[in-house]
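Every number here is computed from the coordinates shown, using simple stated rules; none is lab data. None of these values were measured; they are calculated from a predicted model. Here the Cβ positions follow ideal geometry from the backbone for every residue, glycine too, while neighbour counts run over all protein chains shown.
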Amino acid sequence: MPEQILATNNLPTLHLGDNGEAVRLIQQLLVNFHGYSIQFNANFTQETLNAVKDFQGSHRLRVTGIVDRDTWRALGDKE
């Protein structure tokens, strides 16, 4: 079973155009634990959206580009 690295209960739903530390956390998880090469800029840009969609598709999640509870959980599983 993968190691869960974050609790997902209080994490916000995020989408294109959002910004802030939660977006930076998404970017860090995508880069550090899932091998994506995107900027750490705390802005949910098209680049982040594309990475989120790719991640969702490769983890059998509904591909929406929206970081919801299921996406947060999957991001938090170290592979």
Which net charge results for the neighbourhood of D68, defined as the other residues with beta-carbon distances under 14 angstrom from its beta-carbon, given Lys and Arg at +1 and Asp and Glu at -1? +2
Using the Cα atoms as the points, what is the convex hull volume per residue of the range 40-79 in Å³? 76
With viscosity set to 0.890 mPa s and temperature to 25 °C, compute the Stokes-Einstein D of the chain, Rh being the Kirkwood radius across alpha carbon pairs; µm²/s, no decimals. 201
Whose amide H sits under 5 Å from the amide H of D77, counting only residues 5 or more places off or on another chain, with H placed in the peptide plane? I5
